[in-house]
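Data first, discussion second: the structure below is written as structure tokens.
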Amino acid sequence: MQDRLLGWFDRHQRVLPWRARKGRRPDPYHVWLSEIMLQQTTVVTVGPYFEKFLKKWPSVQKLAAASQDEVLAAWAGLGYYARARNLHKCAQAVTNDYGGVFPDTEEGLLELPGIGPYTAAAIASIAFDVPATAVDGNVERVVSRFFSIEEPLPASKKTIREKAAQLAKGVSRPGDFTQAFMELGATVCTPRKPKCGLCPWKDDCAARRKGNAEELPRKLAKAAKPVRYGKVFWLSDGKGRFLIHKRAGQGLYGGMYQLPTTEWITDRKAAAKLPAPFQETIKPCPLGESVRHSLTHFDLVLEIWTAKAPRAGTVKGLEEACWIHSENIGDYGLPTLMRKAIGLCAGL
Ligand code: SF4
């Protein structure tokens, strides 16, 4: 089983920017950076971001020396911004506390900011070739099908983990096996229309025998996402510049730049009211457009309101705001939601 998968991987692995060339040891910095970027994000999306980060910060020490604003600006558009804040903290911890060298065990890696059990296992096995079971969505799918596990996710996670560890036990090349397992799920045992004819495990696969591969893994039906409402303000100075400010806190979009907004709440009626500080000082008007964005736990609808040359500095939270031109948005960490709003307003 292991030899068949490794043999298949040797012949068919994709060339990926973070993957070491044949016969070379992977760079732990590259493995770590790619694993953080690939959480909840596709290989296609991550590719250009990975290249950009490596060009800007070729070593973990260089990344540690950057400011958080620079890192957030480079990360803008990749989403899940807590990852970027933790990435920066982790680079600083590796540089300052570990002499710039990543720990080579799961336990050691788990001590670092932003590294959970999956990421620790993936880095330990891929970068340091130590036995560790990293179960991502691809591995979950392959194992569910191979053993024809009917119990739906997430309840089946423990069984899947145990079965994955069983398949990896005693493997001669732990790092390659981890990558091969994921690669099989990503390229052959795909969510729809798995290419079972090309699979190195086809002769032993229970789901293939039963003919129900595409139905697995089963998942519990998800509850409908709630919708939150609010307003976003396009405040221009009449000279082609508009106002942005840094969002406070460590929560959603914390540390990123944004157009001023109201709170995002589920009560649509309450969200329709214009809060007093904006009403009194900025006196904005509705544009008649809304920006919609889907986040992991809720969908968001923000009405766009505009005003010219407002006294924004008198609104609490906007004292530190800055005026920028549209062509400079790349210099600021603006999430996709805000870029969408700017796209609707630029040129007003
Ligand atoms: S035989 Fe088909 S269903 Fe089974 S592991 Fe391979 S690709 Fe997946």
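The values are calculated or read from the model by the stated rules, or taken from the named source; none is laboratory data. This is a predicted model, so every value here is computed, not measured. Neighbour counts run over all protein chains shown; Cβ positions are idealised from the backbone, glycine included. What goes into the accessible areas is simple: the full protein's heavy atoms, side chains included, and nothing from ligands, DNA or RNA. Shrake-Rupley method; radii C 1.70, N 1.55, O 1.52, S 1.80 Å.
Look at LYS269 and say whether it is among the basic types (Lys, Arg), at pLDDT 90 or above and buried (at least 17 other Cβ atoms within 10 Å of the Cβ). So LYS269 fails the test. State yes or no: is GLY238 farther than 30 Å from VAL188 by Cβ, under 23 Å from the mean Cα position of the chain (by Cα) and loosely packed, with under 11 Cβ neighbours inside 10 Å? So GLY238 fails the test. Looking across region 144-173 at every residue that is in a loop (DSSP other than H, G, I, E, B) and hydroxyl-bearing (Ser, Thr, Tyr), the one that is nearest to the ligand (Cβ to nearest atom) is identified as SER148. Kindly evaluate LYS195 against the criterion of being near the ligand (Cβ under 8 Å from one of its atoms) and open to solvent by 80 Å² or more (accessible area, probe 1.4 Å). Taking the combined requirement at face value, the residue satisfies it. Of all residues in region 80-92, none are part of a loop (DSSP other than H, G, I, E, B), polar (S, T, N, Q) and more than 16 Å from the ligand (Cβ to nearest atom). With the condition kept exactly as written, say whether any residue in region 217-229 is within 16 Å of the ligand (Cβ to nearest atom) and either farther than 16 Å from ALA321 by Cα or open to solvent by 50 Å² or more (accessible area, probe 1.4 Å) (or both). Checked against the condition, which is being within 16 Å of the ligand (Cβ to nearest atom) and either farther than 16 Å from ALA321 by Cα or open to solvent by 50 Å² or more (accessible area, probe 1.4 Å) (or both), region 217-229 yields at least one hit. Taking every residue in region 310-332 that is in the same structural domain as HIS245 (by TED's automatic domain parsing) and pairing it with any residue that is at pLDDT 70 or above and among the polar types (S, T, N, Q), at least 6 positions away or on another chain, the pairs with Cβ-Cβ distances below 7 Å are PRO310/THR281; ARG311/THR281; THR314/THR281; VAL315/THR281. In the set (1) touching a Ser or Thr at 6+ places or on another chain (Cβ under 9 Å); (2) open to solvent by 20 Å² or more (accessible area, probe 1.4 Å), ARG173 fails one condition alone, (1). The residue that is least open to solvent (accessible area, probe 1.4 Å), among those in region 198-211 that are more than 6 Å from the ligand (Cβ to nearest atom) and more than 31 Å from the chain's Cα centre (by Cα), is ALA206. Reported count of residues in region 250-266, each being surrounded by 11 or more Cβ atoms within 10 Å (Cβ to Cβ) and either part of a loop (DSSP other than H, G, I, E, B) or more than 29 Å from the chain's Cα centre (by Cα) (or both), is 11.
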